[in-house]
Amino acid sequence: MPDRGRTYRRRQRALTTDASTTEALTLRTLPPASVPASRPKPADASAEHYWLMRRNLDDSLPQIRWPTDVVVTPFILDLAAEAHRLLTSGYLGGAGNVPDYSTWLAGFEHDAEYDLSLCFLAMRNGAVIGVITGWTSAFIKDLVVHPDARNRGVGFALLHHLFAHLTRRHEAAADLYVMENNLAARRLYEKSGMSYVKRIVLPAS
């Protein structure tokens, strides 16, 4: 699934594909956030399509309620290996992918769109149980929660923690991609106030 987002206002970046995809997608003009796309039905679950979803950051954000045994921390390099392991395991089902550790880590230093200040970890008893990474384009690249910590509001809290930071940076909206057949993720994003903007065919690998 392509993993490059778009920026707001005057800056734009090309929409590129994962390393496993050989053809680039054409960046098309996206409809404004105020014009909803034809949203998928709850049971729609194509493995050959994914959706661009968007959260309008002009809308008010709810108060974040973290589980009592979970704390949020900025992403730090000392925990990078543990965070990468969680991301890798979270994408084993095909909902996305993450480069090998050295390539992924180098991105924070050499890729101008990576921004450590938009990456956060959910911690429980000193262990990483959730990761969210955002780019300078207000695009949410990764959101993974450990299976043992799901259905407790950790993903919702991580999303809104990042939304709050993007709001303080005066971003108009936040974007992400989700596979159409990832029903659990879709429900989370819908609950988080995200709308469906564009349905896209998954490029042939």
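The values are calculated or read from the model by the stated rules, or taken from the named source; none is laboratory data. Quantities reported herein were computed from a predicted structural model and do not represent experimental measurements. Every residue, glycine among them, receives a Cβ derived from its backbone with ideal geometry; neighbour counts consider all protein chains shown.
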Check: Counting just the residues of segment 84-115 that are within 14 Å of the chain's Cα centre (by Cα) and hydrophobic (A, V, I, L, M, F, W, C), which one comes out modelled with the highest pLDDT?
Finding: 87
Next item on the list: Test each condition in (1) modelled with pLDDT under 95; (2) on the phi < 0 side of the Ramachandran plot for residue 54 and report the one that comes out false.
Entry: (1)
Next item on the list: Tally the residues that are part of a strand (DSSP E or B) and of a type in the set (D, E, K, R), restricting the search to segment 171-200.
Entry: 3
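For (1) surrounded by 19 or more Cβ atoms within 10 Å (Cβ to Cβ); (2) more than 14 Å from the chain's Cα centre (by Cα), each residue gets a yes or a no:
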| site | (1), (2) |
| --- | --- |
| 121 | yes, no |
| 136 | no, no |
| 145 | yes, no |
| 157 | yes, no |
| 169 | no, yes |
| 182 | yes, no |
Next item on the list: Find all pairs meeting these conditions: Cβ atoms under 7 angstrom apart; at least six residues apart or on different chains; first residue within segment 66-95 and within 15 Å of residue 150 (Cα to Cα) and surrounded by 14 or more Cβ atoms within 10 Å (Cβ to Cβ); second residue modelled with pLDDT of 95 or more and of a type in the set (Lys, Arg).
Entry: 67/152; 70/124
